[in-house]
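Notes for the one structure printed next.
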Amino acid sequence: MHIVVCVKQVPETQNVKIDPTTNTLVRQGVASMMNPFDRFALEAALRIKDMDRDNVNITVITMGPPQAKEVLIDALSRGADDAVLLSDQAFAGADTWATSYTLASAIRKLGSVDLIICGKQAIDGDTAQVGPELATLLDLPYATYVSRIEFLEPRVLKITRQTDEGTAVWKVPLPALLTVLKDVGIPRVRSYRATLRARRYEVPIWGISDLRLSKESVGLKGSFTQVIKVFSPQRAKDRTFIEGSVSEQAARLYELLKKQGVPGL
Amino acid sequence: MKALIDENLCTGCGTCIDVCPVGAITLSEGKAKVSDECTLCGICVDSCEFGAISLPKVGTGELPRDYETYRGIWVYAEWRHGTIHRVSYELLSKARQLADKKHVPLASVLLGYRLNGLERDLFNYGADIVYVVDHPSLAYFTDEAYGNVLAYLAKEYRPEILLAGATSIGRSFIPRVAALLKTGLTADCTDLDINEEGLLVQTRPAFGGNIMASILCPYGRPQMATVRPRVMEACRLAETRSGVLERVSVPEELFKSRIEVLEETVCEGPSASIVEADVVISGGRGLGRKENFRMLEELARLVNGAVGASRGAVESGFADPSQQVGQTGRTVAPVLYMAVGISGAIQHVVGMQGSRIIVAVNKDPQAPIFNVCHYGVVADLFEFIPEFIKLVKGGC
């Protein structure tokens, strides 16, 4: 069984903050990391591999600048078998469509794939679109917000997914794509042996010529959505501290909330 | 592809260097230089007071074929248990304004099984036309069947704009529709408008809500967006407003889904989904133990709300993982979010900062949660919450 895990390198969001005096964005350091949800995607794949070590092969794939290789090395150090970096100047500026399109081409090039696992969303863009778009382009069934993966038969999964109001249990035939939540399992640490292997591993780098893609179909040129303006959100500046004894505080808050029409009060 | 610097305008002040989240800008010979590490996020563009930075344009400049034949605005009508979800009314109200601005009709699409009568309120909230596809295969939501049918309708009727709620359903199958239609999609918008060229301006938060981005889809049709629940006002135009109801038959093969729904469960009561509730009372480590969450459950029950939790509280075993609010949990935006005994780490804040009113209750006046709240209560929660419950009980 061949599992592909899609990962993304993201800046650590806690380092992106608004300067309260100038109301502009400030960055502290440029640390980057594997998108947290992708760590759960990798863990979900590793747990399937744990059940049948010799017959499950995990390939991690990412699209990004050359330094995105770091997240692949990290995944290999945790037990992934292979890695591919999609990196090309032409890929820069891709929106979710162009990203999915490029990933789909690369996954087709990998050959037979039984299961693709992605994180629920990336924490920089928060779109949660690449998983479903990728599955659609590869004509695979998919399930999003998956919290639990079980096997009903060797080629049929039973997955539990989170909905806005509860859960749903679906029967999903392979090949398929899943996007997962943290509930699939706590990511394991790097292993010594895997880390040694990862250090020696030569990550293949695929560009547009390797994928036989035209410059016009990828990156910014292949994208539909154009960012026209970026700005700081309006922050609530009218913070009110409610003073007084505890019973006065409770009474004042109750009145304030009631006046603002909070339902149920 | 990277951000473009106009060297005639750049003063070499260095402001952009500090805001770049990937450190792609350096100063060279007194001018900003952008390296290949640029991800085109656009943060620097807004930071430059001299207007020296711009982003290269998307696409190849070619408009889609038959571009002129796309007309009208569509809102996907989401329903659950026989009622239309509020986000669809919110969207119809907003889309009504946009349709009037563009002088085009507003339509709504209703997919499901045995939906008799559900369309009526779609007219009342502003739809001129309602397209209904009623079929046993649509009794349960699956991405495949719903996505196939909506994409098919959009291909047939060619709306210029297609909107849906950013619920777990919308966020799941609308990307499929966009991929099938080969067009752009903007997720989780909090504002929509029409610009001078008649294009849809889609505004959404990014970087965990730390920045806002306005986005256009100039070369794809329809222009598609999902919109967060509760950010737009639902406005019922009339008690009974008439419109055109069109039942559409679509090819049978579109209903095929390789996925089979085995079971659907709905959680109710104070442990009900925190995403849907108008009021969310969340507890953190400050609650001390699991039993103390009962106090929050009592309050939640009184106001018909739900109980959320911080990651710390979940990891301490005080609450269920399904209740976690924050980066690795759920994103909520209720009318009232009350953070009780939660310190307010950024990972928690990104999951609740869209709430209309945020109340923080914490005995530590230095707790970061007070930086994001509207009302701060510095108090011992074990004294404050029972007092507050008393008042709510008295008021009911």
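The values are calculated or read from the model by the stated rules, or taken from the named source; none is laboratory data. Small disclaimer: the values here were computed from a predicted structure and weren't measured. Backbone-built Cβ (ideal geometry, glycine too); neighbour counts: all protein chains shown.
Structure notes:
Conditions (1) within 14 Å of chain A (Cβ to nearest Cβ); (2) out of contact with any Cys (no Cβ under 7 Å at 6 or more places or on another chain); (3) under 22 Å from residue B:379 (Cα atoms), marked per residue:
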{"position": "B:279", "(1), (2), (3)": "yes, yes, yes"}
{"position": "B:286", "(1), (2), (3)": "no, yes, yes"}
{"position": "B:289", "(1), (2), (3)": "no, yes, yes"}
{"position": "B:294", "(1), (2), (3)": "no, yes, yes"}
{"position": "B:301", "(1), (2), (3)": "yes, yes, no"}
{"position": "B:306", "(1), (2), (3)": "yes, yes, no"}
{"position": "B:312", "(1), (2), (3)": "no, yes, yes"}
{"position": "B:321", "(1), (2), (3)": "yes, yes, no"}
{"position": "B:325", "(1), (2), (3)": "yes, yes, no"}
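- Evaluation of residue A:146 against the conditions (1) surrounded by 24 or more Cβ atoms within 10 Å (Cβ to Cβ); (2) modelled with pLDDT under 95 shows that the sole unmet condition is (2).
- Of all residues in segment B:143-201, those being free of Cβ contacts under 8 Å to residues at least 24 places away in the same chain and in contact with a helix residue (DSSP H, G or I) (Cβ under 9 Å, 6 or more places away or on another chain) number 2.
- Qualifying residue in segment B:326-338 (condition: on the phi > 0 side of the Ramachandran plot and under 22 Å from the mean Cα position of the chain (by Cα)): yes
- Some residue of segment B:60-72 being of a type outside the set (Gly, Ala, Ser), surrounded by 21 or more Cβ atoms within 10 Å (Cβ to Cβ) and not in a helix (DSSP H, G or I): no
- Matching residues in segment B:339-383 - criterion: being out of contact with any Phe, Trp or Tyr (no Cβ under 9 Å at 6 or more places or on another chain) and not in a loop (DSSP other than H, G, I, E, B): B:339, B:346, B:347, B:348, B:349, B:368, B:369, B:371, B:381, B:382, B:383
- Test set (1) under 21 Å from residue B:170 (Cα atoms); (2) surrounded by fewer than 20 Cβ atoms within 10 Å (Cβ to Cβ) - residue B:37 fails condition number: (1)
- Qualifying strands (runs of 3 or more DSSP E) (wholly inside segment B:153-237; at least 1 residues being within 7 Å of chain A (Cβ to nearest Cβ) and farther than 26 Å from residue A:216 by Cα): B:185-189, B:200-206, B:211-216
- Residue check, residue B:258 without any contact (Cβ under 8 Å) to a residue 40 or more places away in the chain and among the basic types (Lys, Arg): no
- Listed conditions (1) out of contact with any Cys (no Cβ under 7 Å at 6 or more places or on another chain); (2) surrounded by fewer than 18 Cβ atoms within 10 Å (Cβ to Cβ) are all met by residue B:55, apart from (2).
Table: residues versus (1) within 20 Å of residue A:33 (Cβ to Cβ); (2) at pLDDT below 90.
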site	(1), (2)
B:2	no, yes
B:22	yes, yes
B:30	no, no
B:33	no, no
B:44	no, yes
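- Applying the criterion of being among the hydroxyl-bearing types (Ser, Thr, Tyr) and surrounded by fewer than 23 Cβ atoms within 10 Å (Cβ to Cβ) to the residues of segment B:135-155, the residue that is nearest to the chain's Cα centre (by Cα) is B:140.
- Those residues of segment A:88-140 which are part of a helix (DSSP H, G or I) and farther than 30 Å from residue A:154 by Cα, in sequence order: A:89, A:90, A:91, A:96, A:97, A:98, A:99
- Residue check for residue B:156: at pLDDT 95 or above and either out of contact with any Pro (no Cβ under 8 Å at 6 or more places or on another chain) or of a type in the set (D, E, K, R) (or both): yes
- Hits in segment B:28-53 (condition: at the interface with another protein chain (Cβ under 10 Å from one of its Cβ atoms) and either touching a Pro at 6+ places or on another chain (Cβ under 9 Å) or of a type in the set (Ser, Thr, Tyr) (or both)): B:35, B:36, B:37, B:38, B:39, B:40, B:41, B:43, B:47
- Test for residue B:382: is it aromatic (Phe, Trp, Tyr) and out of contact with any strand residue (DSSP E or B) (no Cβ under 8 Å at 6 or more places or on another chain): yes
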